[in-house]
1. Within the stretch 171-193, how many residues are touching a Phe, Trp or Tyr at 6+ places or on another chain (Cβ under 9 Å) and open to solvent by 40 Å² or more (accessible area, probe 1.4 Å)?
2. Quick one: is Lys149 among the basic types (Lys, Arg), modelled with pLDDT of 90 or more and either within 21 Å of the chain's Cα centre (by Cα) or assigned to a strand (DSSP E or B) (or both)?
3. Quick one: Val67 ticks every box in (1) more than 26 Å from Glu182 (Cβ to Cβ); (2) modelled with pLDDT under 90 except a single one, so which number is it?
4. Looking at the stretch 54-91, which of its residues are touching a helix residue (DSSP H, G or I) at 6+ places or on another chain (Cβ under 6 Å) and either open to solvent by 70 Å² or more (accessible area, probe 1.4 Å) or among the β-branched types (Val, Ile, Thr) (or both)?
5. Pairs only if they're at least six apart or on different chains, beta carbon under 7 angstrom, first in the stretch 156-174 and over 27 Å from Gln105 (Cα atoms), second surrounded by 12 or more Cβ atoms within 10 Å (Cβ to Cβ) and of a type in the set (D, E, K, R); list them, first residue then second.
6. The conditions are (1) in contact with a strand residue (DSSP E or B) (Cβ under 8 Å, 6 or more places away or on another chain); (2) open to solvent by less than 100 Å² (accessible area, probe 1.4 Å); (3) at pLDDT 90 or above, and Thr110 fails exactly one of them. Which is it?
7. Could you check how many residues of the stretch 132-155 are open to solvent by less than 80 Å² (accessible area, probe 1.4 Å), touching a residue at least 24 places away in the same chain (Cβ under 8 Å) and closer than 16 Å to Gln187 by Cα?
8. Within the stretch 175-186, how many residues turn out to be in a loop (DSSP other than H, G, I, E, B) and either acidic (Asp, Glu) or without any contact (Cβ under 8 Å) to a residue 24 or more places away in the chain (or both)?
Amino acid sequence: MKQEPTELHGFIKPNSVGIPRLQAGEEVKLLATACYKVCPADRVMVITGPGGRRFVSGGAALIVPFVMRVDWLSLGAVQSLLKTDTPIPTKDAILIDVNAVANFQIASDTMTVDENGKQVKVLENAAKNYLNQSRDKMEKDVTQVLLGKLREVIGKTELKELMENRDTFAATVAESAKIDMERLGLQLTTFNI
């Protein structure tokens with residue numbers, strides 16, 4: 001007497017050899033569930049495949065396994081402590097030491113112009129520079145950019161003006177670093193001296 005296959009866990013039935021098989025329609029559901037990726041709002045899902053690169057943040061996408069690749073970028077703020085190694089000369093030839101704190105993050109919705117004069121999303125630059133890289137690399141790059149801009153602005157400003165207008169001084173450094181930060185794919189959120 002042949003025994004009828006019984007339902008196992010709601011949708012899997014063993015075949016005549018005893019190997020479980022999916023019921024009709026369940027294959028599609030299982031595949032769709034396995035390919036559906038959700039991205040939280042504080043991260044960017046970088047999807048690379050035959051159609052190029054695309055970005056999803058705070059949404060979802062269907063990923064075709066073995067054809068598309070998914071990488072992640074964090075949109076969270078990163079803090080960098082800046083301290084000059086050597087004193088910097090002001091416009092009136094007075095040497096000063098400067099300490100600053102910069103908070104920055106990956107720029108997600110900004111457009112910029114690349115080296116070739118082409119309009120690109122800043123997020124493209126972030127993906128090129130920091131995809132699968134550590135936050136330490138990001139911090140190091142930002143520190144180098146901001147220390148260079150700090151030296152540049154201090155060298156053009158008298159000490160009295162620096163001391164009286166610290167907010168203006170910080171804003172000038174932040175503004176002069178904006179283009180370099182966009183080329184890295186980052187944006188400065190706060191800069192305090």
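1. The first filter runs over the stretch 171-193 and keeps only residues touching a Phe, Trp or Tyr at 6+ places or on another chain (Cβ under 9 Å), leaving 171, 173-174, 177, 181, 184-191, 193.
Checking which are open to solvent by 40 Å² or more (accessible area, probe 1.4 Å) leaves us with 171, 187-190, 193.
Counting residues in the stretch 171-193 that are touching a Phe, Trp or Tyr at 6+ places or on another chain (Cβ under 9 Å) and open to solvent by 40 Å² or more (accessible area, probe 1.4 Å) gives 6.
2. On the way: among the basic types (Lys, Arg): yes; modelled with pLDDT of 90 or more: yes; either within 21 Å of the chain's Cα centre (by Cα) or assigned to a strand (DSSP E or B) (or both): no.
No; evaluated as a whole, the condition is false for this residue.
3. (2)
4. Leu62, Ile63, Val78, Ile88, Thr90
5. What qualifies is Lys156/Lys91; Thr157/Lys91; Glu158/Lys91.
6. Going through the list (1) in contact with a strand residue (DSSP E or B) (Cβ under 8 Å, 6 or more places away or on another chain); (2) open to solvent by less than 100 Å² (accessible area, probe 1.4 Å); (3) at pLDDT 90 or above, Thr110 breaks only (3).
7. So the count comes out to 9.
8. Within the stretch 175-186, the first condition is being in a loop (DSSP other than H, G, I, E, B), and the residues that meet it are 185.
With the extra rule that they be either acidic (Asp, Glu) or without any contact (Cβ under 8 Å) to a residue 24 or more places away in the chain (or both), the set shrinks to none.
Here the count works out to 0.
The values are calculated or read from the model by the stated rules, or taken from the named source; none is laboratory data. No experiment lies behind these values; they were computed from the predicted model shown. As a convention, Cβ positions derive from the backbone with ideal geometry for all residues, glycine included, and neighbour counts pool all protein chains shown. Surface areas here come from the heavy atoms of the whole protein model, side chains and all, with no ligands, DNA or RNA. Shrake-Rupley method; radii C 1.70, N 1.55, O 1.52, S 1.80 Å.
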